[in-house]
1. Report every pair of residues separated by at least 6 positions or lying on different chains whose Cβ atoms are under 7 Å apart, first residue within segment 1-30 and without any contact (Cβ under 8 Å) to a residue 24 or more places away in the chain, second among the basic types (Lys, Arg).
2. With Val143, Val156, Val184, Val174 as the choices, which residue is within 13 Å of Leu109 (Cβ to Cβ) and in contact (Cβ under 8 Å) with a residue 12 or more places away in the chain?
3. Of everything in segment 53-66, what is part of a strand (DSSP E or B) and more than 30 Å from Ala10 (Cβ to Cβ)? Give them in sequence order.
4. If you go through segment 31-63, how many residues are touching a residue at least 40 places away in the same chain (Cβ under 8 Å) and touching a strand residue (DSSP E or B) at 6+ places or on another chain (Cβ under 7 Å)?
5. If the requirement is being part of a helix (DSSP H, G or I), closer than 24 Å to Asp100 by Cα, hydrophobic (A, V, I, L, M, F, W, C) and at pLDDT 95 or above, which of these qualifies: Leu31, Leu50?
6. Tell me, which strands (runs of 3 or more DSSP E) wholly within segment 138-183 include 3 or more residues that are closer than 18 Å to Ile77 by Cα and either among the polar types (S, T, N, Q) or out of contact with any helix residue (DSSP H, G or I) (no Cβ under 8 Å at 6 or more places or on another chain) (or both)?
7. Which one of Ile144, Ile181 is modelled with pLDDT of 95 or more, open to solvent by 30 Å² or more (accessible area, probe 1.4 Å), among the aliphatic types (A, V, I, L, M) and over 29 Å from Gly60 (Cβ atoms)?
Amino acid sequence: MSSMKERMLAGEPYIAEGPEIMADLDRAARLSERFNTSSADDPQGRLAALRDLLGTLGEGTWIRPPLYCDYGRHIHIGPRSFVNFNAVFLDVAPITIGADVQIGPNVQLLTATHPVEPEARRAKWEAAQPITIGDNVWLGGGVIVLAGVTIGENTVVGAGAVVTRDLPPNVVAVGNPARPIRSVENAP
């Protein structure tokens, strides 16, 4: 029988309990607190906290505190990206963010899912699906991206949109649920 952590990492239903999961959550809480309370006068200390917390932090990426996450190590951010204030990245499954991505304030990337069936939910079962954000994507303020979503490169998601399904590359998408409303042309 696999542990709950093994089930979680395999993308299977699991219950968030047991010493392995609790140790990982505690680690992320300590490192998040270190980052979120770091002094603006200590950019190297702030960067060190992020490098310890996240799975991958690309060169030249800038994250403004506070940042909230479950595990941290399942978050992978490419180079030259920017994450604004109050990001919530529930990284039960991997969150992969490409290069040159712009993430507005109060954005939520939510990989966690819960059963619709009341008994399973009451029993605390949950699962997760990865989120992938392509290169050069812009997520406007307050965007929510749900579990299992991939957003294609160069796509812009308007402020307040809720992304429930994959978005193709090179579009502007808005609304709840987010829908493409036009194409993005590449300017020289």
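1. Gly18/Lys5; Glu20/Lys5; Ile21/Lys5
2. Values: Val156 fails: within 13 Å of Leu109 (Cβ to Cβ); Val184 fails: within 13 Å of Leu109 (Cβ to Cβ); Val174 fails: within 13 Å of Leu109 (Cβ to Cβ).
Testing whether each residue is within 13 Å of Leu109 (Cβ to Cβ) and in contact (Cβ under 8 Å) with a residue 12 or more places away in the chain leaves just Val143.
3. First pass over segment 53-66, keeping only residues part of a strand (DSSP E or B): 56-57, 62-63.
Passing the criteria: only Trp62.
4. Our first condition is that a residue be touching a residue at least 40 places away in the same chain (Cβ under 8 Å); within segment 31-63, this holds for 31-32, 58.
Filter once more, so that each one left must be touching a strand residue (DSSP E or B) at 6+ places or on another chain (Cβ under 7 Å): 32, 58.
The number of residues fulfilling the criteria is 2.
5. Details: Leu31 fails: closer than 24 Å to Asp100 by Cα.
Of Leu31, Leu50, the one residue that is part of a helix (DSSP H, G or I), closer than 24 Å to Asp100 by Cα, hydrophobic (A, V, I, L, M, F, W, C) and at pLDDT 95 or above is Leu50.
6. Values: elements: 144-146, 171-174, 179-183.
The strands (runs of 3 or more DSSP E) meeting that bar are 144-146.
7. Working: Ile144 fails: over 29 Å from Gly60 (Cβ atoms).
Exactly one of Ile144, Ile181 is modelled with pLDDT of 95 or more, open to solvent by 30 Å² or more (accessible area, probe 1.4 Å), among the aliphatic types (A, V, I, L, M) and over 29 Å from Gly60 (Cβ atoms), namely Ile181.
One line per residue, one yes/no per condition, for (1) open to solvent by less than 30 Å² (accessible area, probe 1.4 Å); (2) within 20 Å of Leu67 (Cα to Cα):
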| site | (1), (2) |
| --- | --- |
| Gln108 | no, yes |
| Ile133 | yes, yes |
| Trp138 | no, yes |
| Val149 | yes, no |
| Thr155 | yes, no |
| Val174 | no, no |
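The values are calculated or read from the model by the stated rules, or taken from the named source; none is laboratory data. Given the structure is predicted, the values throughout are model-derived calculations rather than measurements. In this analysis, Cβ positions are derived from the backbone assuming ideal geometry, glycine residues included, and neighbour counts consider all displayed protein chains. We work out accessible area using only protein heavy atoms, side chains counted, and drop any ligands, DNA or RNA first. Shrake-Rupley method; radii C 1.70, N 1.55, O 1.52, S 1.80 Å.
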